Amino acid sequence: SADMFCSAFCRWYWQKEKREPYVKFMEANYPPGFSYEDFGPLFTAEFFDPNQWADILKASGAKYVVLTSKHHEGFTLWGSKYSWNWNAVDVGPKRDLVAELAASVRNRTDLHFGLYHSLFEWFNPLFLEDAANVFKTRKFPTSKSLPELYEIVTKYHPEIIWSDGNGNAPDTYWNSTGFLAWLYNDSPVRDSVVTNDRWGVGSICTHGGFYTCSDRYNPGHLLPHKWENCMTIDRRSWGYRRDAQLGDYLTIEDLVKELIETVSCGGNLLMNIGPTHDGRIAVVFEERLRQMGAWLEVNGEAIYGTKPWRAQNDSVTPQVWYTFSPKEGTVNAIFLNWPVSGTLELGEPRAKLGETQVKLAGYKELLKWVALGEKGLIIALPQLTPKQLPCQWAWTLQMTAI
């Protein structure tokens, strides 16, 4: 989001909750009377290169990207007619960042382009007035939130609308059903668009194209409805933090594990990074994204286009997660730890002698295995040096006729 030096929730902590570290930092480092609005011109984006962003996103192996077009502080990254003098075209970068990224992603990648949009705004006087009237008045959604939503859809044709921030108001206040009816029936993206579940109080995890349920949602079991685990590489923030420590960032091992668990249970992973006020994707984020892409290069068949299998994880060996590739009829067992013994015991698959084949993704030869009665098998892994391993963080066994 456009939160610059103030990471995503700093405005709230500083001006509303008046948390001491935030208040002190502002007093010590900014002139007296400095307001949040004064950050606008400091959001400069001078290093923003949408082509470079698109190339990094492509290299990550991601299939879709969601840009925060407007967060809870109301600053839009496009020149919105409904956000006068509080948008990236009038103030700061003087560029339409949404248009530029959309163009680069579409020209250079096959990623689906999506937009995040916050329904409510913390300090908008119209929203505060409606809230004071217990949402019996609807000045804010009719003059700002809804017009913005129609604007981004007609201007940028996003394939995902990631709504957020219900402001404790019901969907009737936001007229979510009215907007969604237009989106799915009459909008330019009616045949391709996908939406989430944050459209007013009571809709989360209940209504929507895919459920998000909560931030950093990873249930660890199968859900009956498509869902998404929306989480952050910086475990403490959705924005860029200049004061982040190395230990605050999830390692690539953490991220691969998160991806595997999520996909096994029928979810998608939306992995958030916070760009800098000058428009860069910090090198640590770029490295994580490229590492993820390198892992997917080898193991992508166990992730893309898969469905959950009858078991999500193994009953005998911990940290083994399953997915199913319907086209090939392959059961994928992704294991996070390479066994010291060189053999891996799986309790869930039923193997058939003379039919079942076991392969290690990224390794040419078939693997030897022995069945364990009705259910389960022991697989002999190849003896490989670290250099010969197909990848470094988790490995996939591809099993046919299981």
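The values are calculated or read from the model by the stated rules, or taken from the named source; none is laboratory data. What you are looking at is a predicted structure, and each value in this text was computed from that prediction instead of being measured. A quick note on method: Cβ atoms are made from the backbone with ideal geometry, for glycine too, and the neighbour counts reach across all protein chains shown. Remember, those area values only see protein heavy atoms, side chains included, never the ligands or the DNA or RNA. Shrake-Rupley method; radii C 1.70, N 1.55, O 1.52, S 1.80 Å.
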Average Cα contact separation per residue, segment 191-324, under 8 Å, 6 or more apart, as relative contact order %:
19
Residues of the chain: accessible area per residue with a 1.4 Å probe, Å²
46
Carbon/sulfur fraction of accessible area - segment 9-302, other protein chains in place, 1.4 Å, %:
53
DSSP-defined beta bridges in the chain - what % are antiparallel, rounded to 5:
55
Between [x] 105, 60, 58; [y] 85, 53, 49; [z] 73, 46, 41, which matches Cα extents along the principal axes in Å calculated for the structure shown?
[z]
With each label point set 7 Å from Cα along the Cα-Cβ vector, what nm distance links Glu374 and Glu20?
6.3
Rounded to the nearest 20 debye, dipole of the chain from Cβ charges on Lys, Arg, Asp, Glu
520
For a paramagnetic label modelled at 7 Å from the Cα of His225 toward its Cβ, which residues of segment 136-161 fall within the zone defined by backbone nitrogen distances under 20 Å?
160-161
Long-range HN-HN contacts of Val201 with modeled amide H, under 5 Å
Ala169, Asp171
Taking a crude spin-label model, label points 7 Å out from Cα along the C-beta direction, the Asp254 to Glu27 distance in nm is 3.3
Restricting to Cα pairs under 8 Å and 6 or more apart, the percent relative contact order of the chain works out to 13
Rounded, prolate or oblate: which fits segment 307-400 when a ≥ b ≥ c are the square roots of the eigenvalues of the alpha-carbon gyration tensor, with rounded for a/c under 1.5 and prolate only if a/b beats b/c?
rounded
Per the helix-only model, the chain has a calculated mean residue ellipticity at 222 nm (DSSP H runs of ≥4, -39500 (n - 2.57) each, divided over all residues, rounded to the nearest 500) of -7000 deg cm²/dmol
Charged-residue dipole, Cβ positions (Lys, Arg, Asp, Glu), segment 1-105 about Cα centre, Debye nearest 20
300
Carbon plus sulfur fraction of accessible area for segment 307-400, probe 1.4 Å, in percent:
53
Selection from His221, Pro339, Gly354, by position along the positive dipole direction of the chain (Cβ):
Gly354
To check you understand DSSP bridge types, tell me what percent of the beta bridges within segment 27-127 (both residues inside) are antiparallel, rounded to 5.
10
So what does Met26 come to for accessible area, using a 1.4 Å probe and Å² rounded to 10?
20
What spacing in nm lies between the two simple spin-label points modelled at Thr154 and Glu328, each 7 Å away from Cα in the Cβ direction?
4.6
Calculate I(q)/I(0) for segment 40-144 by the Debye formula, one identical point scatterer on each C-alpha and no solvent, and give its log10 at q = 0.11, 0.13, 0.14, 0.19 Å⁻¹ to two decimals.
-0.42, -0.56, -0.63, -0.95
Pairs of lysines in segment 247-402 (C-alpha under 23 Å apart; 8 or more residues apart or interchain)
18
Once the piece of chain linking Tyr64 and Asn185 is laid out straight, how much longer is it, given 0.36 nm per residue of separation minus the C-alpha distance between them?
41.3 nm
Could you work out how much longer the chain between Asp90 and Glu129 gets when fully extended? Use 0.36 nm per residue separation minus the Cα distance between them, nm to one decimal.
11.4 nm
Which lysines, if any, have their Cα less than 30 Å from the Cα of Lys139, not counting same-chain residues under 8 positions apart?
Lys16, Lys18, Lys70, Lys81, Lys94, Lys155
Nearest 20 debye, what's the magnitude of the dipole of segment 224-269 about its Cα centre given +1 on Lys and Arg Cβ and -1 on Asp and Glu Cβ?
140
